[in-house]
1. Applying the selection to segment A:187-216, what residues are in contact with a Leu (Cβ under 8 Å, 6 or more places away or on another chain) and more than 14 Å from A:G130 (Cα to Cα)?
2. I need the full set of residues from segment A:192-225 which are of a type outside the set (A, V, I, L, M, F, W, C), surrounded by fewer than 20 Cβ atoms within 10 Å (Cβ to Cβ) and within 23 Å of A:A115 (Cβ to Cβ), in order please.
3. Would you say C:E76 is among the acidic types (D, E) and in a loop (DSSP other than H, G, I, E, B)?
4. Are any residues in segment C:341-353 in a loop (DSSP other than H, G, I, E, B) and in contact (Cβ under 8 Å) with a residue 40 or more places away in the chain, and if so, which ones?
5. Does segment A:71-104 hold any residues that are farther than 19 Å from A:L47 by Cβ and either within 12 Å of chain C (Cβ to nearest Cβ) or hydrophobic (A, V, I, L, M, F, W, C) (or both), and which are they?
6. Does segment B:153-204 hold any residues that are under 30 Å from B:A129 (Cβ atoms) and either in contact with a Phe, Trp or Tyr (Cβ under 8 Å, 6 or more places away or on another chain) or of a type in the set (S, T, Y) (or both), and which are they?
7. Sort out which residues of segment B:155-204 are buried (at least 16 other Cβ atoms within 10 Å of the Cβ), more than 14 Å from chain A (Cβ to nearest Cβ) and not hydroxyl-bearing (S, T, Y), and write them in order of number.
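The values are calculated or read from the model by the stated rules, or taken from the named source; none is laboratory data. Treat the numbers as computed from the prediction; the structure is a model and nothing was measured. Cβ atoms come from the backbone with ideal geometry, glycine included; neighbour counts cover every protein chain shown.
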Amino acid sequence: MLVRFIDALDPRQPRSRLRVALPYGVHRLLHDPGALLGLVLVSMVLLTALFADQLAPYGPTEGSLLDAKRPEAWQEQGLPGHVLGTDQLGQDILSRVIYGARVSLAVGFFGVLLASAIGVTLGMSAGYLGGRVDEAITAVVNLLLSFPYLVLVIIVATVFGRNLLNVIIIFGVTDAPVFARLVRGEVLRLRNVDFVVAAVGLGVPTWRILLRHLLPNLVGPLVTLMTFEMSAMIFYEAGLSFLGLSVPPEVPSWGNMLALGRKFLYIFPWMSIYPGLAISLTAFGVNLLGDWLRDVLDPRLRRAD
Amino acid sequence: MRLTGDPVGLMVARNATPEQREAFRVAHGFDRPLAEQFLGYLGNALGGDLGKSLRLHLPNTELIMQRLPATMELALAALALSLLIAVPLGIVSGVFPGSPLDLLARLIGLAGQTIPSFWLAMILILVFAVNLRLFPTFGRDSPQHLVLPAVALSVAGMGQMVRLLRSAVLEVCRENYIRTARAKGLSEVVITLRHVTPNALIPLVSVVGVNFTYMLGGSVYIETIFAWPGLGTLLNDAINDSDFPLVQAITIFIAAFAIGLNLLTDIAYDLIDPRARQR
Amino acid sequence: MRIKVVLFLVIVSLIFPLFPVSGQPSGELVIALPNDPTGIFIANASDVTAISATRPLYDGLVVYGADGSIQPGLAESWDISEDGRTYTFHLREGVTFHNGEDFNAHAVGTIWEYGMTPTNQWLSYYDSVASAEDIVVIDDYTVQITTSEADAFFLSEMANGWFAIPPGYLAEVGLEAFEASPVGTGPFMLEHWAPGDRIVMRAFPDYWNPEQPKVERLTFRIIPDATTRMAAIQTGEVDIVTRLNTDDVALLEFNPDVNIVSYPNDRVYYVAFKNIGNGVGTPLENELVRQALNLAVDREGLVAALFSGNGQTVSGFVIPSNLGYDPSLLPYPHDPQRARELLAEAGYPDGFGIGMSCPADAYTNINEVCLSVQRDLGAIGVDVDLEFKTTNAFWSEAHYATTGPMYVDSWSSPNGEAFWRLEGSLTPGYYYSTWTDPDIVDYLGRIAQAVDREERAALYAELSHYMYDDPPYIYLYILNLFEATTKRVTGYQPLPNETFYLNEVGVDG
């Protein structure tokens, strides 16, 4: 009973918050062309990834050497079946860009999921338990945060070798400190809010406070950070591909296509332009969507930009 | 930390016999247990000895110091360039939200997050070096050689700074003391220069330090593309050649550098921001 | 009066360039290097880039001619004893090192002593001097070198790396200083080395051949990125770029400021089988299977599509430019039908699955080659599980254990003979040898001892037939390599052994 009372005191319960956030979000969406564009772009990429098998005219590794290095269909040397041309193996660029959405989103999505899982665990422990635990976690997090992220990723990638799972784990682990810092800060703030203080005073178990009261209040800032980090990971995947440290070359990730097509930039530009465009448009869309989410889910963060 | 791959495979002739390989191993201490290798290395590092490069047969400290000036030059130039553009643009766009300059600022802000820097670097070479012949393609011979790599390296940080400044200015403009200044009848120019700008620049200080370390990371790509003889190319070579002692040395050096820089920005922040000082 | 002076000056300036002072080196030649050399003391250099970039500082007792034959260098002539073990070299007189020290018989052994020092034995350089057992100075310009056994390739090994370094200078400054600032008798002397950036050399004014070199300054610039190298040759910031692929050539072909130089490269690309380690117990042990796999690969199509025809399919490890090549032996045809029959005959009518490793990005278009082989083998029912490895992981010590039962690789053999390729890849116990066949080992032993050229040629041909019928590899192709120079470069011809010979290279303007 008392517990229910405490719950009622919590001003930012997801249900009540949604009641405020949803109409506001829709309102912003309709009045901000940027947000709308972001939503459209991200939905397109998502749908492309989900329905790659239906959308792509060819398989990602399908092709004949006889059709290699052809430009777009509307160019003189182009083939009607290959709208965006073919790569050096005769594989269809359009199909690979479509399947690439899968790889890039998988890297971004699961990477962020892992990073936030680790980050939330560490951040909540540090923020809520305090003392030695906090000091230790904060020291490690600060150390990792002050380190150039890219150098960290490069070194970890060199240690583990290249495959999709490794890339996801690398991003998940190296990006976790960003989430840990955010969560720790939020938890520290929430700990002193009335309803939490009351809950502690009433002897509510720690796990229940963490799960029932703190976690829901973290959703807003977390989702926002996840969006931005996701676009950053799609970016870093391209960077790792550039250094030959990302997924194996036959996997159609945008980064791989860009890194490979880069060698032919001067003579077969279409091999790298379209995957490059895909990266830029996705990052663009995710960023716009992130701006919108931030405004909708967490008005407090709107000013921090 | 010991990387995968085996230096023996790269350093020794491909048709070397097992005995010759063993001689190499013993000569470089690779026959000892990993933990022992690492602890020994760490102990030496604390004493300022970062070991010797396998590939170049020179002390790592010497190699890093050889390359450091080039990287510093590039990173500082990129930082200066991003500040030079981001500060005026960020302030103007914050003071005049919705203006064409604001649009430009938002575009630059997004460019940093939507164009991979290595991609931009290659386009810059194609357009400004090969086609227009305005700038040299590679190397570090003259001030002109600095332009293209500095631009490529600066864009990501520049975008972030513009975004940050813009929102900082927007926020400051809503503060009471600005309203007071307006009420006193001060001109908009004076308000912007005397009151808005100094306050909006405070959060920038903490970002500058972070940006600088990020530029050290980005230099791995940019230096490689522009054949810039700095730490980034050294690290790339060391990774490619499994030169573990050198990779370790560069990592430790950059970590120490980044931590030092972080402390420095924290101190600067405390000095500048009176609110932080009270804490 | 003033007009006359002006006219005179104009005429002089017009005529003067037509009569350049003969033999005087002039101009600067800039060469792009794809990676940072490991060092500039050639004996420590463990990579091709370092060896080729530092080569101009040194001279060998014997050198390779353009055709791959052994020519006099610092030794004007030599005699070989009856048993083929003792070489007596008669040295060129009047040769000096860059530091002014005289070159004579006492300097010949210096690099050998360095290579024989136990701590240096792991260096690849060690190969070049290892078979020498004893060196005796007869007089100031005569020296006798004895090998441990009759060695058909001793002179070739000497041409690869037996260079003259000054004993006096080495003793004076110590090895460490020498490594940073090495001295030789070569056509160029070191001026400046900035690691990661450039190596600058100047023409050595007292070079023993007064006609060489032709350029005053020789600069190597390190440009790791291939796309940037392509940009730099187009803008003329460098004069020579190496290791172009056929697409680079297509781009530069129509550039009026650039010449394309093509040369054959003695490097055979192949798919290796293992009959040791994880190859044991696989279908690969069956001779018919290996023949079938050779028939399944469309070599012609691969060379045409991936290398625009700038390569040649091969029938084995002994290629047309090698001693003992048998032109009657034709490359395996592309015959998937016959391949399937052979597989069925071998007991695999439905094919089988097998792992294959590929050294990602290690050679021109190698990733595509791996994928293409995978596709071809798939067509006869052999399901290839392809794994790309970084070059580091691929050529690590545990190569024979960590790569799949099949892997894609290449092997060069620089001196007009296939011996090094065969020996390196087929001698049991060598680190990159994964196929053991006592008959092949026996052939190799006989070739190594056959000092007579004709005898070796016959043995090579015999071995080629043996390795065609019972193939330890899927033989793929050899490639023409391309380099590009700016139009002002004269007298440049790349060598098949992938190093620079710059004694005769000049620049106009």
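1. The answer is A:D194, A:F195, A:V196, A:A198, A:L202, A:H213, A:L214.
2. A:P216
3. In short, no.
4. Once the filter is applied, which keeps residues that are in a loop (DSSP other than H, G, I, E, B) and in contact (Cβ under 8 Å) with a residue 40 or more places away in the chain, segment C:341-353 yields C:A346, C:G347, C:Y348.
5. A:A73, A:W74, A:L79, A:T86, A:D87, A:Q88, A:L89, A:G90, A:Q91, A:I93
6. The answer is B:S154, B:A156, B:G157.
7. Passing the criteria: B:M158, B:I178, B:A181, B:I191, B:H195, B:V196, B:L201.
Here's the yes/no breakdown for (1) of a type in the set (S, T, N, Q); (2) in contact with a helix residue (DSSP H, G or I) (Cβ under 6 Å, 6 or more places away or on another chain):
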residue: C:K214; (1), (2): no, no
residue: C:I222; (1), (2): no, no
residue: C:D239; (1), (2): no, no
residue: C:T242; (1), (2): yes, no
residue: C:N245; (1), (2): yes, no
residue: C:R267; (1), (2): no, no
residue: C:N275; (1), (2): yes, yes
residue: C:P283; (1), (2): no, yes
residue: C:R290; (1), (2): no, no
